[in-house]
Amino acid sequence: MSTAFDLISAESSRLLHRRAVRNAFLAAAICFAVGAISMFAYFSPASEADVAAARAKHLSTATDSATSYAECVKSLPPGRSVSSECGLAPADQEIGNFTQYLGTKTFVREVHMTELAQLIGLAFAAIAFLVGTAWMGAEWSTGSISLLATWEPNRLKLLLAKALALIGCVGIFAIGLQLTWIVTSLVLARIQGIAGPDPIPWVQLLGLQGRMVLLAMLAALGGFALANLTRSTAGAMGIAFGYTLVVEGAVRWLSPSGQAWLVSDNVLAFASPQNYLVAWSEDGELRFFRISNLQAGITMALVVGLMLLVGSALLRRQDLT
């Protein structure tokens, strides 16, 4: 019998020696580097006068939108639906930010640090899911898990060690990406940013980055659990794509309100700086709801946890000899 530390250490080493896993992490690092270099070519600095004009234009647009909504509600005949006639309330509208009114594509810390941290986090979460499926799928396809069960007879302990090794490695890499992005964004703002004050949204940024790290770990665990259920990487990927295209597509078409429980919507909600808005038209009336970060996190954790529990139960009962 081995100690928990020995198991996790051994599984971490085996994970990082998997060629598919190393290639996935390398691809993530290369994509980040290429993207960072591209940003220096894409963005260009803007003058303080251009920024002031863009802020004024954005404020004017927001004010006009709020005024139009208030006038529409005031003139609405009794019995008519506010949402169908006047649309979303100003608080629920997505009116963007002032950068859309800038004449040049300029890096703005208060906007782009958060937006691109979100993009980086979502991209790496997809890679983390692939790492999880490749890791556990390879363990079954090569028969490694059967051999390891002779070294560590406690199958649940073995499965837990594999899962902890996976989320540990993925989490460390995700943290490294987000910290590297902070440094990159500060350099971008200095070279290709705006003139004048440009506050850094540290509270919002760090909160979002923390959720992006958790999202990567959940995605890796989801791929791990799915591959453990199907006993293959290809099976796990097939189920994931089938669910996304068929099941989620059917729910969006047949019961739009059911989107609150779809995995992809909850992923986007968890990755959003604020609550995630889902809107659709039904019987000529605009309907919508919001998914909070907390609700999305709990929903995803329950889905991944359920798959892990089922996979653990099956592993305990299966004859590996």
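Of the residues in the stretch 94-110, none is farther than 22 Å from residue 204 by Cβ and among the aliphatic types (A, V, I, L, M). Residue 292 is checked against (1) surrounded by fewer than 16 Cβ atoms within 10 Å (Cβ to Cβ); (2) over 16 Å from residue 212 (Cα atoms); (3) within 20 Å of the chain's Cα centre (by Cα) and fails just one. What number does that condition carry? Exception for residue 292: condition (2). Regarding the stretch 9-18, can at least one residue be identified that is at pLDDT 90 or above and over 30 Å from residue 128 (Cα atoms)? No, that holds for no residue. Residues in the stretch 110-158 that are part of a helix (DSSP H, G or I), polar (S, T, N, Q), open to solvent by 30 Å² or more (accessible area, probe 1.4 Å) and modelled with pLDDT under 95: 141, 146, 150.
Pairing residues of the stretch 168-184 that are open to solvent by 60 Å² or more (accessible area, probe 1.4 Å) with residues that are assigned to a helix (DSSP H, G or I), at Cβ distances under 9 Å and at least 6 apart in sequence or on separate chains, gives 175/209; 175/213; 179/209; 180/32; 180/36. Going by the structure shown, is residue 32 closer than 30 Å to residue 191 by Cα and open to solvent by 50 Å² or more (accessible area, probe 1.4 Å)? Answer is no for this residue.
Among the candidates 20, 56, 49, the residue that is within 30 Å of the chain's Cα centre (by Cα) and not in a loop (DSSP other than H, G, I, E, B) is uniquely 20. Scanning the stretch 88-109 for residues that are in contact with a Leu (Cβ under 9 Å, 6 or more places away or on another chain), open to solvent by less than 40 Å² (accessible area, probe 1.4 Å) and either among the hydrophobic types (A, V, I, L, M, F, W, C) or part of a loop (DSSP other than H, G, I, E, B) (or both) yields 88, 98, 107, 108. Pairs meeting the criteria (first residue in the stretch 53-67 and on the phi < 0 side of the Ramachandran plot, second residue open to solvent by less than 60 Å² (accessible area, probe 1.4 Å) and not acidic (Asp, Glu), beta carbons under 6 Å, at least 6 apart or on different chains) are 54/98; 54/102; 55/98; 58/98; 65/90; 66/90.
The values are calculated or read from the model by the stated rules, or taken from the named source; none is laboratory data. If you're wondering where the values come from, they're calculated on a predicted model, not measured in any experiment. Glycine gets a Cβ as well: all are built from the backbone with ideal geometry, and neighbour counts include every protein chain shown. For the accessible areas, the whole protein counts, side chains as well, though only heavy atoms, and no ligand, DNA or RNA atoms are used. Shrake-Rupley method; radii C 1.70, N 1.55, O 1.52, S 1.80 Å.
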